[in-house]
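Take a look at the structure set out below.
Each reported figure results from applying straightforward, stated rules to the coordinates on display, with no laboratory input. Given the structure is predicted, the values throughout are model-derived calculations rather than measurements. In this analysis, Cβ positions are derived from the backbone assuming ideal geometry, glycine residues included, and neighbour counts consider all displayed protein chains.
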Amino acid sequence: MIFVLHGNDIDASYERLSKILLGYLNFQKIRLTQKESSDAFYLAVFSKDLTGVSKIVICENYLSDKRVDHKILKVIPKEAEVIFWEDQQIDSDLIKKLPQYTRVELFKPKAKIFWFLDSISNQSRFTLEKFWGLNFSSEDKVIWQLTNRMLLLMLAKKGADLQTASKIIGKSLNDWQWQKILNQSKQFTFETLYAIYNAILKLDYMIKSGSTNLNENTLVSLLLLKYLGK
């Protein structure tokens, strides 16, 4: 199996890398960085271990630095376990040259709305500081995004799995994304999440019906103050 984890969101890609490696606890981990020669890659990937120990090879920026010829990529054995961990987005032409049994995952920098959503906790002061510091506009669709996040947190709290949550929201979630939701949901009771969810729906109606003179950001701030802890 070949994994390609690429993109500028290093924190997210590292989190994904760590989770993948949990599935290879009994494997020898061979890390290849800029310090190693290109020959080290060929030796690590194509050589047979005489002791019979299984191995997984982690290559840091070997694709973006063009340290491996694309012709070699095509002949990496299907049974080899290789991870290409790249700190930038790989060109689509190179992606097309990878074997069909390659799993490619792109980690783009988070839009500012997700910095806020991920900051939501049972401490309103911290969450509000993040909210006001990001200067949201109507284009950020804060109400819609907040509604969607509360729905995911409620699903997590009720024990839904990744596949079920993805079907309900109509969008595929990665393992690492769902794990973040699971961890975040532990800070709240289901009752609190449900109350926030209902309150957001009411705010949305008030804004769309013109029954309030307050702007969206002010309404969201008041909601967070009411339902989150101090």
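Structural remarks
- In this Cβ point-charge picture (+1 for Lys and Arg, -1 for Asp and Glu), the chain has a dipole of about 520 debye about its Cα centre.
- Nitroxide proxy distance, nm - points 7 Å out along Cα→Cβ at Trp144 and Ser37: 5.5 nm
- The chain - mean residue ellipticity at 222 nm from DSSP helices (-39,500 (n - 2.57) per run, n ≥ 4, rounded to 500): -15000 deg cm²/dmol
- Sparsely packed chymotrypsin sites (Phe, Trp or Tyr not before Pro) within the stretch 92-154, loop by DSSP, other Cβ within 10 Å at most 16: Tyr101
- Distance between the pseudo-spin-label points of Phe46 and Lys97 (7 Å out from Cα toward the beta carbon): 1.6 nm.
- Number of Lys pairs (Cα under 16 Å; 8 or more positions apart or on different chains) in the stretch 1-98: 14
- Loop trypsin sites (Lys or Arg not before Pro), the stretch 61-143 (other Cβ atoms within 10 Å of the site Cβ: 16 or fewer; DSSP): Lys66, Lys74, Lys78, Lys97, Lys110, Lys141
- Angle in degrees between helix 190-209 and the longest Cα principal axis of the chain, rounded to the nearest 10: 70 degrees
- Helix 142-157 axis versus longest C-alpha principal axis of the chain: approximately 70°, rounded to the nearest ten.
- The modelled label-to-label distance between Lys19 and Lys167, using points 7 Å beyond Cα along the C-beta direction, is 2.0 nm.
- Length added when fully stretched, Val75-Phe27, from 0.36 nm per residue minus Cα-Cα: 15.1 nm
- GluC sites (Glu not before Pro) within the stretch 32-83, DSSP loop, no more than 13 other Cβ atoms inside 10 Å: Glu79
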